[in-house]
1. Within the range 237-246, identify whether any single residue is within 20 Å of the chain's Cα centre (by Cα), surrounded by fewer than 21 Cβ atoms within 10 Å (Cβ to Cβ) and aliphatic (A, V, I, L, M), and answer yes or no.
2. Only residues that are crowded, with 18+ Cβ neighbours inside 10 Å and either in contact with a Phe, Trp or Tyr (Cβ under 6 Å, 6 or more places away or on another chain) or polar (S, T, N, Q) (or both): list them for the range 657-674, please.
3. Out of all the residues in the range 956-967, is one or more at pLDDT 80 or above and under 19 Å from N841 (Cα atoms)?
4. Checking the conditions here, which among L233, L210 is crowded, with 20+ Cβ neighbours inside 10 Å and either within 30 Å of I387 (Cα to Cα) or not assigned by TED's automatic domain parsing to the domain that holds L374 (or both)?
5. May I ask you to list the residues in the range 807-832 that are assigned to a loop (DSSP other than H, G, I, E, B) and surrounded by fewer than 17 Cβ atoms within 10 Å (Cβ to Cβ)?
6. Among the numbered criteria (1) buried (at least 22 other Cβ atoms within 10 Å of the Cβ); (2) out of contact with any strand residue (DSSP E or B) (no Cβ under 7 Å at 6 or more places or on another chain), which single criterion is violated by S222?
7. Which members of the range 677-726 meet the condition of being surrounded by fewer than 16 Cβ atoms within 10 Å (Cβ to Cβ) and either modelled with pLDDT under 90 or assigned to a loop (DSSP other than H, G, I, E, B) (or both)?
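The values are calculated or read from the model by the stated rules, or taken from the named source; none is laboratory data. Model, not experiment: these values are computed from the prediction. Cβ placement follows ideal geometry from the backbone for every residue including glycine, while neighbour counts extend to all protein chains displayed.
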Amino acid sequence: MSDSSQTVQHEDKSPARKPRKLPSWLDHFNARDLKVLFRCAVAAWVAALLMFIHPALRTIGQATFFACMVIFMVPPAGVVFMFFLGTLTLLIGMALAWAWGVIVMKAALAARPQAETLAKLQSLEQQLVNQVKATGANPAFLQQQYVFDGFMLDARARLRAKNPKFVLLQIFGTIIADIFLTIGPLMPSFNGTLPKTLILPAAIGVGLGLACGVLLFPRSTSHIVLASMEGLLSLSKLPLNFTLASLMNKEVLTLEQLRETKGKIIGVYNQMEPALAFLPLDFSVGRWNADDIKSLRGHIRRAMGASLSLLEFHMARVRSNLRLERMAAASNVEVDKTEKANEKRPNQAGLRELMEHMKLMQAFQSPEGEALQLETIETLRESSATILPACQDAMAASIECIHTANSRRWFGRPSKEQNEQLVAKSRDILEALGSARSSFASDTTERLLQKHGDAFDESGNLKKGDTLATHSVRGIMIGMIFEEHVIELADALEKLLSHVITLLQHRPGVRIWFPTSIRYAAAWLFRKEVAAPVRTSDDVDPDEAGAQAKEAQRRLLITRGYTMKKRSGLGRAVLGTYHWFISTEGLYALRMVVVTIALAIPAVIPSSAGFYYRFKGIWGLIMAQTAVVVYMADFTFSAVCRVIGTVIGGVVGLVAWYIGSGHGPGNPYGLGAIMAAVCIIFMWARLFFPTALLQATILGAATCILIVGYSYDFTYIPQYGNPGIGYSVFWRRLVLVLVGMVAATIVQVFPRPPSATRHICKSLSNVMRSLSDHYAVLVSCWGRSDSDGGRFAEQITIEVAEKLASLDGMIALLRFEFSSSPFDSKSLDRVKLLCHEINLNVGRMLLLSSSLPVDLQDRLTHSFGVLDHRNIGDIMAVVGVVEQALKTGDALPEVLPTPLLKRCLDFFNTRDVDVTLTTDLIRDENYRKFCVALSSYLKILTAVDDLVLVVKGAVGEAHILSTEFIKDV
């Protein structure tokens, strides 16, 4: 009774889930996020002020606003060195485009007959003289007008998709190339500094961002990584809170709630990984160096994995209940063969599998079994009353230690006594956790045996042929699985906290740490798997994923396969060239070329060149180029966001201009003040809005800056072709954005749109192939004393989980796409979730293959056919058929070797194997691992069976067999 009261008190202090007061994009009112916002907003505001300082405006030029735009595209929000590398690619892209444009411009002028050029120049001079005499206008202004109207014009005259690191290089390089493409042909003579008007403010923006990143609340890589670890551990506490709430019946857990928590944990881990790679380049002030922080990575990952396993335990329970509900609903369509033999069979794909599943569920359901399940839950609640709070305390202590080491690096550093107090407090928590772990391991098992003691005889052997004993075994196994998950988490937290205490004792003072390696900086640019500085979408190339699967296959020691006969060298060269052009990257490049030519042609036709220049047609060209995407996954959503972002940014820009200037030509003091508020608003959106809205926020900020910048330029540095003031700039910008989006839509859709559904189906199919490879590794490692599968388990599980998590955003956007595919957002989401389940359980079995005693592995093999060739063949065949159906959309055969779960249980019932269960075996701690392995294997089979039902529900069934024919045969 005392244990129960302790649990209630602890649960009252730490509720399972607090209601959120603010939406996620507003929940950033904390010191850390506000410092980042201040740093980035100051950089953008200072860049904006350059537009209103007359000496700077005259020196930099009409495009001074471009510096502010660069900061909004690449804000100094994270690691200074990562910001430097990201902006370095930006500058390299502009430099390459500048060099290429100079070469092309020089070559074009050299190809033009000199006599014709001189004749044109003489004609231009005569026209200027006559016009000046007639109107008295400024000769320089008239010369600009004639040149940009096309007087001198002679009308005769794949990187980003391959590596996301070069996204900034591609965007800014394209902008510089567009200047040469649209304005270069208009020039009367060679002008090598043509793009200087954009390159100079871009370089200034990079410099301002770098200065603010260094001077205003700088954050080193170690600071960011430790903060991510702290956040990851905070999220990993949620499964513990869910467990306490579930056992106390204080909260009904929903699958959406559990999925959201799992996604957040994996998301924070994915954000932490790129920064970890930059630790050798880190220059920081703190307690721990790069090696110390890297040593935490494995412990953090194990704690996260154990927490996710506990979370998956709850998800499996919720999914089981939902599966029962679906089966009960499906049973309503069952046909009574004796009374309705002549009626038409119901038209429902997967009906045979549904009925088989229903029979299995009914076989395991009974009032006595339900009562025993409730008693098991009560037993687990009582036995875990101490260890779950101890795990929470250990995780809280680890968070506190990491936070202490990561904060107060400069001022208010903790004294030696405070450090010793923290270490002593953490040691007490560590000892309490160890004590709770030992008592929980023995107490839970004994409580379960006591609760289900009627299932065993006086000798401690399980009673055979007793129905109640069967339900008791299920209850014991559920309890043992829960016990193993909790002990696994306790062990991981014990090692983590012990290591953190060691670091605190070993590094009591703050030091300056210098970089230990600079080789990674160059390698980072060419390694596609490391995150890019600017994330533009969640696209993962399925062809690239297939290549990675082959590499994983090689790495995971699957070496006994046979490859097809290799082609000749000439054949491989021809085929490689062909695939280079028709590959995803090649088609993207082709679309980019087509849209560029289409929207740049009016700039080099004499009759339209002036109109194109005056109305800033280059805006439409740049919009079309940036709107073209590699896949169609987010094109529709992106197009809507771009237009909405442009409208919102235009409205804010108009408000800022008219507040700061009124009806005048532009007040630099008023505009400088109002732009401070504008920069804070847009920078908040840029930093904290969801990634899906990234393009909308950048375009909104760019439109606002364009309106203010061009409006101010109109009075203070007037030039030919200036779009005007305020509303005039806005409507031109909006029209050109729409023109660019229409052009991008045309090249994106015709001749065949890169369908998001096709892309996701192929990606999931490749994931299924990876899971088949991992299952093959599992079968190869299972039952071997020298198994090496555990070494790969964590790595391959996290890799596949990251690939699946990268598809979340794309699957959510499928409702915006028109597609002829039989798969929709709902079905693909269920396929993804089932792949998650298979991945987690295959990984868990791989981990157990190196820790579970061989005799217990053999017990599982002989009882349930883990290594039986027929069972392996059935699993591989079903997974292979589902994998192909995802690619082709073809209907699955009605009769498949499914349900695999039923075949597994039939194997168990027909095998003459001694599967005696004794109380001594249950008390063996390795039996808990055996229960987890058995549960994982059955979950793999169940998930594959569910995959068949989901895919059949989408693509239908083929090769329907006649029941009368089967009966006759």
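1. Scanning the range 237-246 turns up no residue that is within 20 Å of the chain's Cα centre (by Cα), surrounded by fewer than 21 Cβ atoms within 10 Å (Cβ to Cβ) and aliphatic (A, V, I, L, M).
2. S661, G666, L671
3. Among the residues of the range 956-967, not one is at pLDDT 80 or above and under 19 Å from N841 (Cα atoms), which makes the answer no.
4. L233
5. Of everything in the range 807-832, those that are assigned to a loop (DSSP other than H, G, I, E, B) and surrounded by fewer than 17 Cβ atoms within 10 Å (Cβ to Cβ) turn out to be F818, S819, S820, D824.
6. Of everything listed in (1) buried (at least 22 other Cβ atoms within 10 Å of the Cβ); (2) out of contact with any strand residue (DSSP E or B) (no Cβ under 7 Å at 6 or more places or on another chain), S222 misses just condition (2).
7. Across the range 677-726, the qualifying residues are F689, P690, T691, T715, Y716, I717, P718, Q719, G721, G724.
The rows are residues; the columns are (1) farther than 30 Å from K952 by Cα; (2) in a loop (DSSP other than H, G, I, E, B).
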position	(1), (2)
V866	no, yes
V879	no, no
E883	no, no
L896	no, yes
L921	yes, no
L934	no, no
Y937	no, no
